[in-house]
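FYI, it's all coordinate maths here, none of it is from the lab. Since the model is a prediction, treat every value here as computed from it, not as a measurement. As a convention, Cβ positions derive from the backbone with ideal geometry for all residues, glycine included, and neighbour counts pool all protein chains shown.
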């Protein structure tokens, strides 16, 4: 049976762990709210970019094309590129494992179809698992959790993607990430980035502006808006993934704190049981001593 000192030390250790978990939960809650605010702002900017790109495509004779004029065509034999968004740290339940598992399933399916697959891993967790599984990681980047990812970082990734695409390293590009649904709920989403499918945003305005002034050549502006559109899509996915990650981490922290509370309750009951047993044992020892003394005094009187 454990001693009182062992139970007290165990309780003190659990209290330290509970304090740490509560601190982590508080930080994740702050970052979760901050990321949700940035997500709202990013959606506004993304809608504005799509509207401008839609206007430019509406000026073309055949706006339904999937590849914008001026965009370099990829090599026909290029590999399929897959961007995966995972976290750098753990303690977020199945957030990473579920997404990596789906990515590995996609890679196996494409490889069975005869395609080569190259991975762009955004997040240290995914990079470690993909390299361990023997897959080629074309590019990797880690984003700190202390602040929300900047749009500049998304642009830098898209610039690298543009080089890979135009050099023929990849002929198609897909994005796999966890999309935020509600607190504690997210789902893996696979979307194609390249070649770009712009059918959803190619809409001819009801009234075309007569005094439309372009500050640069139409083709150049069109290509710029295309890559800006792709950068906003990646940026939205990064923030969605970050919001989902912090939401999953909050749930994990809540479950861990609840488990700690249950263990503390059990230990406190055990502590009181051991303490009561010791008190009972001491009372029995005192009573036994008193009875022994009474017996000896009676014998001495008879002698």
Footprinting proxy, 95, 151: sorted fewest to most Cβ within 10 Å, the residues are 151, 95
Mean Cβ neighbour count within 10 Å, used as a protection proxy, ranking 218-227, 272-281, 253-262 highest first = 218-227, 253-262, 272-281
In the P(r) worked out for region 90-176, what percent of Cα pairs fall beyond 22 Å?
-> 31
Region 1-34 residues near the modelled residue 266 label - backbone nitrogen below 12 Å, point 7 Å along Cα→Cβ = none
Footprinting proxy, 137, 161: sorted fewest to most Cβ within 10 Å, the residues are 137, 161
Report the residues of region 1-32 in range of a label on residue 275: point 7 Å along Cα→C-beta, backbone N strictly under 12 Å from it.
-> 4-5, 8
